[in-house]
Amino acid sequence: ELEEIEARLLQFPSMREVIVLDKTDEDGIKYLIAYFVSENEVTLDEISEFAQSHLPDYMLPSQFMQLPEFPLTPNGKINRLALAQLKDYLTSATSYEAAKTPLQEELVRIWKDILKLDKIGIQDHFFRIGGHSLKAMTLVTILYKELNVSLSVKQIFDHPTIESLEQLIQVSGDSAFIQTPLEPVEERSYYPISASQRRMLIVDELNQGDTSYNIPTCVIIEGPVNPERFETALTQLIERHEALRTSFEWQGEEQVQRIHKQVTFHLSQRKIQEDELRDAIQEFIKPFHLSQAPLFRVGLYEVGPERHFMIMDMHHIISDGISMAILIEDLIDFYKGKELLPLPIQYKDFTHWQNQWFASEQVKIQEQYWKDTFAVQPPVLRLLTDYPRPSIRTNAGGRISFTLPKTESEELYQIAQDTESTLYMLLLAAYNILLFTCTGQEDIVVGTPVAGRQHADLERVVGMFINTLPMRNYPQAAKTFEEFFTEIKVRTLKAFDHQDYPFDALVEKLKIPRDSSRTPRFQTMLTLQNMNQARIESEELTYIAYDFADTTSKMDLSIIAVETPDEGLLFDLYYSSNLFKRETAEDLGQAYLQILKQIPSRFDKTIASFELSRNSDSSALPDAFEDEEFDF
């Protein structure tokens, strides 16, 4: 296809040479860039208009670069590697218009840093030059941190150019919500806990001895590892992050967290064989006692002379996915002998700030949004199950994996770009259709996790920030996919603009009755992740992420989608093994893939038009919708 794009662009008047490459940004997002040599200066309007009239949407380059000549190898051939390493500087389908005001210059600088581009004009469209929802959230954070103005993600979607964004900031002025500064609190014997920690403490009391909320990370280390140096790096890590020195206890009728100045830590070491890795992981993951710090442990196992296996396990109450990545990065830096700047803020400072925020007007606005969203109680999701639902749910589960190939994934990326939406919104719409098909219900709630690091000062803080948003939508057979997707987009942006309100506080406010057989408010989740760096190379060592099977499922069903630069979209479907057979989970995964593949051809068709075939006799995909009474 790249050659076909090149052939089409060569038909442009005065065009001499064209090379089209597919590139990947730091978040794993793929895009096409066309490099060309022309006899005349070519404006972006001219080349983009020509491309749009000669190529289908999914083959349109999102960036163009005109060069005086192509770099050559010593053998006189075009040096494609040198081309790929050039900084992109012609970036959009609009004529370049330079910044005219100081504020526009500041916005251009910020955009360049986020989008990794060298040339950005004030008419360039954020979501057409490499921006997406994660980068929009980054933009929101930096705008607050550097310009002291707080905007929402939805406002970025509504004002995607620097010129329109400047006008929004000027109009907002003092009316824009400015976050309360996050400052260190005075030293105490103990500190209040956060809303997320309170939930984890309740879960721990109900499930003592359980490992469902352990979050292990495993890494293969290639090279000559020095165990003493490694242990020293871990000691520095514990000193740097207070979360690694935190325990929890009761003070009267109040649960609190205590930060210890020192903790006793031991690095577990032994030699194992390569085929013993998975057994070693299972042995290593054990329950934590939340009253005893540290709530993490690390093992370093020698597999060969220059091959080691590291497993880091910790309780969710002191960490989350982003925190785990921070810890691995800091550990690698300490091992290399780097000195890191002290952290001005720790998790206890965030907890104090959050408790102040609960008394603000902003929290009332967010609370009211969610109360309005759930003013009418939604029905319980009634999936047909293979086994009777136990009276008390457990986290016993399984995982199946599947892939949406690169070509079909890129079609979804193109739709997201054309509709000024995001890939997550498309995945959520498809998941709602799957659940509608399985249940016949037209009022569905799907949980989705958010990072919970809205405040600009929390970027490198370790702790449990993650929150869960209950995404309520209304799939109906007669709606076209386009109509439903538009609803999804609006509701998603609103939900993300109100993402600071803790889910557990919402459950309490709505007085949702506890049902020991189900999780409150929703029984299924959808998560989209950008692939974390799977391989990190330093001067001495190479660190490679090691994937291992997780046999727990905190929901009836949940899907985690991972964006990769080369393989397309990877999916893991977690299912409760108390409810579903593995064959049923496999059918559900394939049904979800079928829906995703049909979106481009059925965008203007009804939801009822999506066709699903069955691979087994599983009851998860009934031939006809069943009434609620058929649920076990």
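The values are calculated or read from the model by the stated rules, or taken from the named source; none is laboratory data. Since the model is a prediction, treat every value here as computed from it, not as a measurement. Using ideal geometry, Cβ is built from the backbone for each residue, glycine included, and neighbour counts are taken over all protein chains shown. Ligands, DNA and RNA are stripped out before the accessible areas are found, and what is left, the full protein with its side chains, is counted by its heavy atoms. Shrake-Rupley method; radii C 1.70, N 1.55, O 1.52, S 1.80 Å.
What the table below lists for this structure:
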| read-out | value |
| --- | --- |
| Meets criteria (in contact with a strand residue (DSSP E or B) (Cβ under 6 Å, 6 or more places away or on another chain), among the hydrophobic types (A, V, I, L, M, F, W, C) and in a helix (DSSP H, G or I)) for MET324 | yes |
| Failed condition for PHE64, given (1) modelled with pLDDT of 80 or more; (2) of a type outside the set (D, E, K, R); (3) assigned to a helix (DSSP H, G or I); (4) under 20 Å from GLY130 (Cβ atoms) | (3) |
| Filtered residue count, region 107-131, keeping only those that are open to solvent by 30 Å² or more (accessible area, probe 1.4 Å) and either under 19 Å from ARG453 (Cβ atoms) or in contact with a Pro (Cβ under 6 Å, 6 or more places away or on another chain) (or both) | 1 |
| Condition check for LYS597: surrounded by fewer than 19 Cβ atoms within 10 Å (Cβ to Cβ) and within 30 Å of ASP515 (Cα to Cα) | no |
| Qualifying positions in region 424-438 - within 18 Å of the chain's Cα centre (by Cα) and open to solvent by less than 10 Å² (accessible area, probe 1.4 Å) | MET425, LEU426, LEU427, LEU428, ALA429, ALA430, TYR431 |
| The listed residue being assigned to a loop (DSSP other than H, G, I, E, B), open to solvent by less than 20 Å² (accessible area, probe 1.4 Å) and among the hydrophobic types (A, V, I, L, M, F, W, C), out of PHE522, PHE484 | PHE522 |
| Count - residues of region 365-405 that are open to solvent by 60 Å² or more (accessible area, probe 1.4 Å), of a type in the set (Lys, Arg) and under 22 Å from GLU586 (Cβ atoms) | 1 |
| Qualifying residues in region 32-61 (those that are within 18 Å of PHE127 (Cβ to Cβ) and either assigned to a loop (DSSP other than H, G, I, E, B) or hydroxyl-bearing (Ser, Thr, Tyr) (or both)) - the one modelled with the highest pLDDT | PRO61 |
| Members of region 143-161 found to be open to solvent by less than 30 Å² (accessible area, probe 1.4 Å) and either closer than 12 Å to ILE114 by Cβ or of a type in the set (D, E, K, R) (or both), listed by number | LEU143, ILE156 |
| GLY76 open to solvent by less than 70 Å² (accessible area, probe 1.4 Å), within 30 Å of GLN529 (Cα to Cα) and modelled with pLDDT under 90 | no |
| Tally of residues being open to solvent by less than 40 Å² (accessible area, probe 1.4 Å) and either free of Cβ contacts under 8 Å to residues at least 60 places away in the same chain or of a type outside the set (Ser, Thr, Tyr) (or both) across region 260-319 | 32 |
| Filtered residue count, region 335-345, keeping only those that are open to solvent by less than 20 Å² (accessible area, probe 1.4 Å) and within 26 Å of the chain's Cα centre (by Cα) | 1 |
| Where GLY463 falls short, out of the listed (1) more than 17 Å from ASP556 (Cα to Cα); (2) in contact with a Phe, Trp or Tyr (Cβ under 9 Å, 6 or more places away or on another chain); (3) open to solvent by 10 Å² or more (accessible area, probe 1.4 Å); (4) not in a helix (DSSP H, G or I) | (3) |
| Subset of region 537-567 that is touching a helix residue (DSSP H, G or I) at 6+ places or on another chain (Cβ under 8 Å) and at pLDDT 80 or above - its residue that is farthest from ILE221 (Cα to Cα) | LEU557 |
